[in-house]
Amino acid sequence: MKTDPGERLLLLDGLRGFAAIGVLVFHARLSAPFPAFTRGYLFVDLFFLLSGFVLTLAFEPRFGAGIDAVTFLRRRFRRFLPMVAAGAIPGAFALFGATGNGGLALAAFVLSLAMVPMLTGGMTFPANTPQWSLFAELALNLLHGMKLHRLTDAKLALLALACLAGLVMLMARAGDGDLGGDLRQLPAGLLRGGWSYLLGIVMARRWRARRPASAADWRIALLMPIALVALLPLVPLPVWIGDALVMSLGFPPLFWIAATATPPRIAERPLALLGSLSFPLYAVHFPILMLASQLGGGERGRLFGIFPALLAAGILALSSARSRRTAPYPRASARDETRLA
């Protein structure tokens, strides 16, 4: 069943929000009796899957109608820039506090705004480490607009599997799937994004052609991907194998279940709120945590840094919603551009 033009994928809003909170907790690196979200970096793979899915629903019809890849990329860059800037400002201060090098901090700030990796040193984006994934997504957006929208599902699936094969080999060498933030790991990060983003394109096309009936209660559909990452440290497998299984066999079916579930009206506002917070929180949380760690003496500072990170995300979400005067999440057959977390 094709979706109605006004339908919104609100459950994916909530999933996106919980995933952003999971990344926040992972980067806070808090000591706890139960190691919840010590594998929270896997939520980045869920974001790539989300992005491929919702951008396909929103833009592939427009590619056929004449929108070109450069226009698409320009729109995506404009969408990213305010949140990237909001993260780059505290990121530059945190980098200066850590290194005492004002020139490095300024260069990192400028490159962050330009979405250009720093080719010297260790981190791809030293002012805001998670920004590597936004760079990877822009690269995939460009490929989507240039070529991917013309490929058949079979060719996309083969290309996705090739990305997965290369990624798994690199994960086995590294020992886990937390790849992409370091400049030497950027190729692995691009493979990481390629697998999930391409799979998201294929899944969106299938979903759009004939939307399946809901396979689970909406609350179960919402929480299963989060629980999978939270409980993964308890599984007695090498880290890289567990990560590979989640990326390849865990997230795809659970995401499909979430994409087909329909929440009740009473849940719509909380889910929309979570969705509106997700991208701002992802964009600003890391530099705020680093500043809090420097000012507060390590873990205690990071713990208290969670609250200003959430506050900053809320302010940015409110400002974005007011400026755009649109709903915080894209429509399934949308006129509005999607926003990634």
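The values are calculated or read from the model by the stated rules, or taken from the named source; none is laboratory data. Note that the coordinates shown come from a computational prediction; the quantities given were computed from them, not determined experimentally. So basically every Cβ, Gly included, is an ideal-geometry build from the backbone, and we count neighbours across all protein chains shown. Heavy atoms of the whole protein, side chains included, go into the accessibility calculation; ligands, DNA and RNA do not. Shrake-Rupley method; radii C 1.70, N 1.55, O 1.52, S 1.80 Å.
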Filtering the range 187-216 for residues that are open to solvent by less than 60 Å² (accessible area, probe 1.4 Å) and of a type in the set (Lys, Arg) leaves a count of 3
Single unsatisfied condition, ARG184 versus (1) open to solvent by less than 50 Å² (accessible area, probe 1.4 Å); (2) part of a helix (DSSP H, G or I): (1)
So the check is Cβ under 6 Å with 6+ separation or different chains; which pairs have a first residue in the range 28-41 that's modelled with pLDDT of 95 or more and a second one that's of a type outside the set (Ser, Thr, Tyr) and assigned to a loop (DSSP other than H, G, I, E, B)? TYR41/ASP178
Kindly list the number of the only condition in (1) in contact with a Leu (Cβ under 9 Å, 6 or more places away or on another chain); (2) buried (at least 18 other Cβ atoms within 10 Å of the Cβ); (3) touching a residue at least 24 places away in the same chain (Cβ under 8 Å); (4) not small (Gly, Ala, Ser) that fails for PHE109. (3)
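Among the listed residues ALA139, ALA94, ALA114, ALA160, identify the single one that is buried (at least 19 other Cβ atoms within 10 Å of the Cβ), under 22 Å from the mean Cα position of the chain (by Cα) and small (Gly, Ala, Ser).
Just a single option satisfies the conditions, and that option is ALA160.
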Surrounded by fewer than 19 Cβ atoms within 10 Å (Cβ to Cβ) and either under 26 Å from LEU156 (Cβ atoms) or hydroxyl-bearing (Ser, Thr, Tyr) (or both): is that true of ARG219 in this structure? no
Inspect the range 38-51 for any residue being over 23 Å from LEU271 (Cα atoms) and either open to solvent by 20 Å² or more (accessible area, probe 1.4 Å) or assigned to a helix (DSSP H, G or I) (or both) and give the result as yes or no. yes
